[in-house]
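One structure is given below, encoded as structure tokens.
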4 protein chains.
Amino acid sequence: MIKVGIIGATGYAGVELVRILLRHPQVTLTAISSVSFEGKPIAEVYPSLREITDLACQNADEVVHTCDVVFAALPHGLSQDTAKACADAGKKFIDLGADFRLDDPDAYESWYQSDYRYDELHKRAVYGLCEWFRDDIRNTDIIGNPGCYPTSVALGLAPVLKNKLVSPVGIVVDSKSGTTGAGRKPTQTTHFPDCADAFSAYKVASHRHTPEIEQTLSKLAGEKATITFVPHLLPVNRGILSTIYARLHDGVTEEQIAAAYDAAYINEPFVREMPKGQGVNIRHVQCSNYCDIQWYVDRHTGLLVVTSVIDNMVKGAAGQAVQNMNLLFGLPEAAGLDMIPIAF
Amino acid sequence: MIKVGIIGATGYAGVELVRILLRHPQVTLTAISSVSFEGKPIAEVYPSLREITDLACQNADEVVHTCDVVFAALPHGLSQDTAKACADAGKKFIDLGADFRLDDPDAYESWYQSDYRYDELHKRAVYGLCEWFRDDIRNTDIIGNPGCYPTSVALGLAPVLKNKLVSPVGIVVDSKSGTTGAGRKPTQTTHFPDCADAFSAYKVASHRHTPEIEQTLSKLAGEKATITFVPHLLPVNRGILSTIYARLHDGVTEEQIAAAYDAAYINEPFVREMPKGQGVNIRHVQCSNYCDIQWYVDRHTGLLVVTSVIDNMVKGAAGQAVQNMNLLFGLPEAAGLDMIPIAF
Amino acid sequence: MIKVGIIGATGYAGVELVRILLRHPQVTLTAISSVSFEGKPIAEVYPSLREITDLACQNADEVVHTCDVVFAALPHGLSQDTAKACADAGKKFIDLGADFRLDDPDAYESWYQSDYRYDELHKRAVYGLCEWFRDDIRNTDIIGNPGCYPTSVALGLAPVLKNKLVSPVGIVVDSKSGTTGAGRKPTQTTHFPDCADAFSAYKVASHRHTPEIEQTLSKLAGEKATITFVPHLLPVNRGILSTIYARLHDGVTEEQIAAAYDAAYINEPFVREMPKGQGVNIRHVQCSNYCDIQWYVDRHTGLLVVTSVIDNMVKGAAGQAVQNMNLLFGLPEAAGLDMIPIAF
Amino acid sequence: MIKVGIIGATGYAGVELVRILLRHPQVTLTAISSVSFEGKPIAEVYPSLREITDLACQNADEVVHTCDVVFAALPHGLSQDTAKACADAGKKFIDLGADFRLDDPDAYESWYQSDYRYDELHKRAVYGLCEWFRDDIRNTDIIGNPGCYPTSVALGLAPVLKNKLVSPVGIVVDSKSGTTGAGRKPTQTTHFPDCADAFSAYKVASHRHTPEIEQTLSKLAGEKATITFVPHLLPVNRGILSTIYARLHDGVTEEQIAAAYDAAYINEPFVREMPKGQGVNIRHVQCSNYCDIQWYVDRHTGLLVVTSVIDNMVKGAAGQAVQNMNLLFGLPEAAGLDMIPIAF
């Protein structure tokens, strides 16, 4: 059994990792850490875990020391030192934060106001969008697990960008996320009376996932992609729906588009193309590692509209991280990820 | 006191009209009708109204007969005959449905699969977007009250289209509406277990409000406007947020945009421009007749992003209808509409 | 116009007072205060109030100084000094907190861990349950506005206790409240992801409203009443439903019970008895000052089951406080309180 | 592998069975049926199941014919013939409906307005409350799977009734259930705009689960138990919380109560006693087969207050049914039921 550890286990992404890894048939969840709850059993923080695990939070060093692979679910800026410690100790490292996602040091430093350290590690790090960078992932030991919004957007657009069916310039990305994306720490915005029955856009055209999305779309398109990205806060817990508007190149047919999506995803275990007439819904993927995609051609304006849904905490965080771990260790890619979405 | 009546009073728009008109200082709610509940007190249908009104549902003819002005909240296709009856009887008529919104008979017939009858009435009918067609409204007796989505979009974009600061072509309109927009009749989509914690797009690039929005934007722009319109269903009751993406003309400055919005709305009683740094939220307008607007320039892609919120049942239906009534009768435009949005 | 002020205006009860008082025809909201937001316009704290009021938060002294009547919506323990300042300045005082609700100093000090100061003021203070202590309210200048749970329970049980139809001993009170009752300050319990889709009991048989409820029920019954009180947190914003179980005295008939409720409430403007067959629902009273009541006899066990609903922020706080103000000043009791509950 | 089938697979309990059985290591979900969707793949009814199962709905006879054990999730009255068919064909039968729960034919017929047929089958049928009737379950082939409310109440009260620590007479059961308990068919009550932000009691002291609860409590107590049962509808999807009030016998100590619960549940895989200070919450058991219990002594009134939570669709329906199947076949009782509750 592979020994796995989680640094930052009491945040939402961390505890979702706990849920998945405890049921993964080829790993043992060996150690977890939390700065806020060091010394405390995680079942005291999450009573849902009572009688399921006795694991108590240790410190980060102990996690690195005792495990073969370390997941970090930390605020940005804090993962680099952990990555270094893992690298020095010969442990694999999967970062659920933002530290290893951007290739461009300047972009990282300007968007995250944090230092870009350990160049060598950044060079080894692979962006863990499994469906598109699988081979690179298999050959590294440091993963920058994609952000939640970027995952929904990249999976949704990749086939048509790759096949040059749409323009990579001026793409509009209108995303809506459940509240768990904002983390476990209470704030006024996520205070129930302020958040329930509410709906708003935030960080309009200024969200930190913008450069990450553009980087990935550019790689897929083979040319510079630009987006206007507007995230919104949905009064639900789990789920992201991204509605994406891209300009179709002249003469592109629906058959070409369908062929591009089929070629990309027909054998993918976690991407489901919806049949025509069936829209996507965050409900259909909640508590699972699926990404559901549906697309529409608006001939009237020449746009392709792509809708893509994921559970932001699973495919958008913990589930994709485990999928990356499976790739890193040569396990079946879907191992431990056979959760069936809840029907209600 | 002006005698007012409502045909279709037991639907959601109808009962919201009841709530507003019962507190309007210059009118008497005299008669209401409902096909489903004829003969029944409305307080039996909506227990919230117990001891507030004794009004019972009559038939439509009785409403037309006894009132000076008639509101109709009916499925499309059914309002034209009522409009005719009102016109023949010399009563003013305000249609909350879709029958008197579209100028183009062909567009109406193809989008609504209904006959476009009584040409003369359609010619007299004015599209009741009060802030922009106030003078025409004052001089007619038939109002096509704007749809909920179109209200949010037109108010949001009008100043920059009117001032030719953005292109009217290829505008992306990504709208999100609360569930009351789907009406009072239970369906699988709005069944609580299916709708709660869910979020989806629907009628992508094929919603009936598309031609209505394009017609209004074209009038405001003075040239043909085209949009890609994608509505979404929010798991809340009240509220629409439209996120609108339009291409800025070259060289347009933020000062010009601000000036356009100020010129349009600074004296409007029901349109609030948010100060920079303050986003809009459906929560801030719920149960009121306000439309809140905030805009952003994305220099990176050259787009103007406008966010606009209304309560779909008030400014998007019953409230705007009463505002139109006030204009029709020369009352103060805000009479009966001084509801303060709920803070939570 | 009567000049009114609010100390603690930016909490939920405070801002609900603002909403009501701004539309009250016989008062002018003259001054408001807030410790957290001193100097700031309240419309910056609650954007829903933009363009509706320019009032900015001052300090408490300024409110007392400039107003004829002062509402305080403060944490317990803090209202007594304000009451003293009002009394010294000859201003009327309405406390929405707990400081002036309990007659027994020991009960207050042991349940609230606060000193019971200014005995004379406590003696003058009247418990502001308008429907039952109206005459006393008219003859004082200090009001202890009832707690939200106690209001729902006392109104629900008063007629049968007063008429000695049920035993006052061993009453079970199972109450469910919306989240606004927990206040505006973010906490883990009211963090949206933790609170949505959740439901729990809290402070089982140990909530501070227990002695207040027992005090009122004892007064109404004319003998010592005892209750087991269990509050629960509902994932909604507004509303309390209390389900109350009391033992019927032998031989009591449904006719006697109905007569007791009718005698008590048939002329009350804000208490609605539901007709048989129609249950109560928090939805039917939201955003209004109503209390709806329905009762049932369970002959099988000899219990009377009473269900009672209020909007915890209106009848359970701000609305009842305004009703008390109306009584204090000899205004029509319903002045400014004609809000129609939202239908959805 | 055991071949299992589901009759009524497209209702909520049915589809939850599908989710559980597809992941059960010792069974093959072989056939499903649905009257409404015969011939249709279940993944078309529940898009969440796309690419997970190809099963299409057949008719009930085919299910009985092809399977070793049949689950029925049908409206009451319809399961008896299916039970007969299974018995005749030598198949085991687990009824998630109400037909095999009540021992008393008269009680069944008066509460359900249905005929009590096939006496011999009713005699063989065992009430499937696994924790308390495990031995009987192992020795039968027909199970009446307990109702959702009765499960939460019986598990909560059994230890203290069994040990005669509380009186079985006049117990108050105040239960709150999520909306999935009302089924998949849209109704006005469960229409999102009517149900969201709403809360109400229903079928007060007249719900059909009353005789079932009393029957079970009487068996456990060894004497006649009576209850006043009031269910309420919570605006959430999953979960029941029952708050139960029972009179403590004189002199009973907290130690005795704790000992009774420990003795009953310390080794039970699916019942969790919460440590003192930790309340139960429907959130902590959602999507799992757990029942969490906490209790409180109110010395002031001499009542024991027990709070008990389950996921109404898992422990209250599909999960408990699978637990019963495991017992019927001598499998490990927790097989296929190791779902970890969602943390959010």
Signed unit charges on C-beta, dipole axis of the range C:2-124, positive-most listed residue C:Ser48, C:Thr82, C:Val64: C:Ser48
On Cα atoms only, tilt of D:79-89 relative to the major axis of chain D in degrees: 60 degrees
The range D:213-245-the range B:264-314 distance, computed between alpha-carbon centres (Å): 50 Å
Exam field: B:Pro105 pseudo-label spacings to other copies (7 Å along Cα-Cβ), nanometres: 7.2, 7.2, 8.8
Per-q log10 I(q)/I(0), the range C:149-312, q = 0.08, 0.13 Å⁻¹ (Debye; single scatterer per alpha-carbon; no solvent): -0.23, -0.61
Global form of the range B:1-116, assessed from the alpha-carbon gyration tensor, a/c cut-off 1.5: prolate
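Would you kindly work out the equivalent ellipsoid of the range D:31-85 from its C-alpha gyration tensor and give its semi-axes, the square roots of five times the eigenvalues, largest first in whole Å?
Equivalent ellipsoid of the range D:31-85: 22, 12, 9 Å, largest first.
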Simple spin-label estimate for A:Lys276 and A:Arg299 in nanometres, 7 Å along Cα-Cβ: 1.2 nm
Label spacing, shortest first and in nm, from A:Asn59 to its equivalents in the remaining copies (7 angstrom along Cα→Cβ): 4.6, 7.1, 8.4
The range A:116-132-the range A:189-206 distance, computed between alpha-carbon centres (Å): 32 Å
Cβ-based charge dipole, the range D:149-312, positive-most Cα from D:Asn312, D:Val252, D:Val173: D:Asn312
Average other protein chain Cβ within 10 Å of Cβ, residues C:225-237: 6
Mean Cβ neighbour count within 10 Å, used as a protection proxy, ranking B:286-297, C:112-123 highest first: B:286-297, C:112-123
Two-site FRET efficiency, A:Asp135 against A:Asp115, from Cβ-Cβ distance with R₀ of 30 Å, rounded to 0.05: 0.50
Exercise: per-residue mean of other protein chain Cβ atoms within 10 Å, D:281-292: 5
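Could you work out, residue by residue across B:174-186, how many beta carbons of other chains sit within 10 Å of that residue's beta carbon, and then give the average as an integer?
If you average over the peptide's residues, the count of other-chain Cβ atoms is 5.
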Position B:Arg117, label points 7 Å along Cα→Cβ, spacing to each other copy in nm (shortest first, one decimal): 5.2, 7.6, 7.8
For the range D:19-40, residues shielded by at least 20 square angstrom of accessible area compared with the chain on its own, probe 1.4 Å: D:Arg19, D:Arg23
For the range C:317-344, residues shielded by at least 10 square angstrom of accessible area compared with the chain on its own, probe 1.4 Å: C:Asp338, C:Ile340, C:Pro341, C:Ile342, C:Ala343, C:Phe344
Chain C - percent of accessible surface contributed by carbon and sulfur, probe 1.4 Å: 50 percent
Estimated FRET transfer efficiency (A:Ser36, B:Glu44; beta-carbon r; R0 51 Å; 0.05): 0.40
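At a probe radius of 1.4 Å, figure out the D/B buried accessible area, summed over both chains, and give it in Å² to the nearest 100.
Heavy-atom accessible area buried at this interface is about 1600 Å².
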Simple Cβ-charge dipole of chain D, Lys/Arg +1 and Asp/Glu -1, about Cα centre, in debye nearest 20: 460 debye
Cα-based Lys pair tally, the range B:2-124, threshold under 14 Å, eight or more apart or on separate chains: 4
Extreme residue, positive dipole direction of the range C:149-312, given options C:Asn237, C:Gly183, C:Thr151 (C-beta unit charges): C:Gly183
Size of charge dipole - the range B:149-312 - debye, nearest 20, with Cβ of Lys, Arg +1 and Asp, Glu -1, no other charges: 380 debye
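Stick to the Cα atoms of the protein assembly as shown, pair each with every other, and give me the Kirkwood hydrodynamic radius in Å at one decimal.
Working: mean 1/r = 0.0303 Å⁻¹.
Answer for the protein assembly as shown: a Kirkwood hydrodynamic radius of 33.0 Å.
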Cβ-based net charge around D:Tyr245, under 10 Å, with every Lys or Arg adding one and every Asp or Glu removing one: -2
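Against the 2.2 N^0.38 Å scaling, with N counting residues, where does chain A land? I'd like the Cα-based Rg ratio to two decimal places.
0.96
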Solvent-accessible area per residue for the protein assembly as shown (1.4 angstrom probe, square angstrom): 32 Å²
Whole-angstrom gap from the range C:16-71 to the range D:154-188, using each part's C-alpha centre: 47 Å
Per the axis that maps chain C onto chain A, nearest residue of C (Cβ criterion) and its distance in Å: C:Pro186, 2
Three-way shape label, the range C:80-147, alpha-carbon gyration tensor, a/c 1.5: oblate
Highest-fluctuation residue, A:Cys86, A:Cys195, A:Cys57 considered, GNM on chain A with Cα pairs under 10 Å: A:Cys195
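Only Lys, Arg, Asp and Glu count, each charged at its Cβ (+1, +1, -1, -1), so figure out the dipole size of the protein assembly as shown about its Cα centre, rounded to 20 debye.
Once rounded to the nearest 20, the dipole reads 0 debye.
The values are calculated or read from the model by the stated rules, or taken from the named source; none is laboratory data. Nothing here was measured: the structure is a model prediction, and the numbers come from that model. Neighbour counts run over all protein chains shown; Cβ positions are idealised from the backbone, glycine included. SASA here: full protein model, heavy atoms, side chains in, ligands and nucleic acids out. Shrake-Rupley method; radii C 1.70, N 1.55, O 1.52, S 1.80 Å.
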